[in-house]
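Novice: Below: one structure in structure tokens.
The values are calculated or read from the model by the stated rules, or taken from the named source; none is laboratory data. Here the structure is a predicted model, which means the values were calculated and not measured. Cβ sites come from the backbone with ideal geometry, for glycine too, and all protein chains shown count toward neighbours.
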Amino acid sequence: MTPRPASAHEPARRGTLRRDAERNRDRIVRAAQELFAERGLTVGFNEVAHHAGVGVGTVYRRFTDKEELIHAALEEPLGQLAEVARRAGEAERAWDGLELLLGSITELLVDNLGLRDVALGGGGWRLGRPTVERVAEVLRHLLDRARAEGDLRDDVAGDDVMMILWLVTDLAQHSVQVRPRLYRRYLQVLLDGLRASPGRMPLVEKPTEQQVLTICRRWAGAPL
């Protein structure tokens, strides 16, 4: 039997299919970025597919598992985290580096709950370990330097900083609809608690009594 000659249109069709596949992948990644940032890494493939406007089978064809999708969606924010650590580690005075590191990290984690899950280990994800370990290394170095320079209490440990990040980012989730940047005030208070002597800067973002009441009720899950 004589082989059927290849159609002149087949290369163009294959090129179109590849472009369609790339566009679908980009749509899926963008959808995952938005949903992971807003709700964390508990979001499933079905929700990502719906948000991207594709079938769930398309998501599975582009990504073999959820870990691969998370890696694609968090590549950019993990890069931002690494850049923050680099700049903080180069600070002339360690305390300035600590303020830069914790302030910038907190802002990134508040704005991206998926990154928070990875960076703070809340979901047990192993993704982004090189970046997270690099940040932890910079933090340890800054703590040692700040202690030697007399700016940090002698009894402060890295675990204390981890707890501060959990506390402040959790507060941010409950206050975002009332006072979006209120967390900055309490980060400032907690950072002052790490200092060898109290800070002198005025506290920022003072809430009203009503705002505090509303946030407390949200945090407790009580009716508003």
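Novice: Across region 42-69, what is the number of residues that are over 24 Å from the mean Cα position of the chain (by Cα) and of a type in the set (S, T, N, Q)?
Specialist: Residues flagged as over 24 Å from the mean Cα position of the chain (by Cα) and of a type in the set (S, T, N, Q) within region 42-69 amount to 1.
Novice: List, please: which pairs have Cβ atoms under 7 Å, are six or more places apart or on different chains, and start with a residue in region 171-182 that is closer than 17 Å to GLY221 by Cα and end with one that is β-branched (Val, Ile, Thr) and surrounded by 15 or more Cβ atoms within 10 Å (Cβ to Cβ)?
Specialist: Listed pairs, sorted by first residue: ALA172/VAL110; HIS174/ILE215; SER175/ILE215; VAL178/THR214; VAL178/ILE215.
Novice: Please state which of the following conditions THR106 fails to meet, knowing it meets all the rest: (1) under 11 Å from the mean Cα position of the chain (by Cα); (2) buried (at least 16 other Cβ atoms within 10 Å of the Cβ); (3) under 28 Å from ASP26 (Cβ atoms).
Specialist: Result: THR106 passes all but (3).
Novice: Go through region 183-224 and report how many residues are touching a residue at least 12 places away in the same chain (Cβ under 8 Å), loosely packed, with under 13 Cβ neighbours inside 10 Å and more than 28 Å from ASP159 (Cβ to Cβ).
Specialist: Of the residues in region 183-224, 1 are touching a residue at least 12 places away in the same chain (Cβ under 8 Å), loosely packed, with under 13 Cβ neighbours inside 10 Å and more than 28 Å from ASP159 (Cβ to Cβ).
Novice: Of the conditions (1) in contact with a helix residue (DSSP H, G or I) (Cβ under 7 Å, 6 or more places away or on another chain); (2) modelled with pLDDT of 95 or more, ARG86 clears all except one; give me its number.
Specialist: Failing condition for ARG86: (1).
Novice: In region 205-215, is there at least one residue being in the same structural domain as LEU81 (by TED's automatic domain parsing), touching a Lys or Arg at 6+ places or on another chain (Cβ under 6 Å), among the β-branched types (Val, Ile, Thr) and outside any helix (DSSP H, G or I)?
Specialist: Among the residues of region 205-215, not one is in the same structural domain as LEU81 (by TED's automatic domain parsing), touching a Lys or Arg at 6+ places or on another chain (Cβ under 6 Å), among the β-branched types (Val, Ile, Thr) and outside any helix (DSSP H, G or I), which makes the answer no.
Novice: Say whether the condition of being within 14 Å of LEU109 (Cα to Cα) and in contact with a Ser or Thr (Cβ under 8 Å, 6 or more places away or on another chain) is met by at least one residue in region 60-78.
Specialist: yes
Novice: Also, quick follow-up: Could you go through region 138-159 and let me know if any residue there is β-branched (Val, Ile, Thr), modelled with pLDDT of 95 or more and over 19 Å from PRO207 (Cβ atoms).
Specialist: Yes, that holds for at least one residue.
Novice: Tally up the residues in region 48-60 that are part of a helix (DSSP H, G or I) and either surrounded by 16 or more Cβ atoms within 10 Å (Cβ to Cβ) or in contact (Cβ under 8 Å) with a residue 40 or more places away in the chain (or both), please.
Specialist: Going through region 48-60, the residues part of a helix (DSSP H, G or I) turn out to be 48-52, 56-60.
If we keep only those that are either surrounded by 16 or more Cβ atoms within 10 Å (Cβ to Cβ) or in contact (Cβ under 8 Å) with a residue 40 or more places away in the chain (or both) as well, we get 48-49, 51-52, 58-59.
Final tally of qualifying residues: 6.
Novice: Is it the case that some residue within region 62-83 is crowded, with 18+ Cβ neighbours inside 10 Å, among the small types (Gly, Ala, Ser) and under 23 Å from GLN188 (Cα atoms)?
Specialist: no
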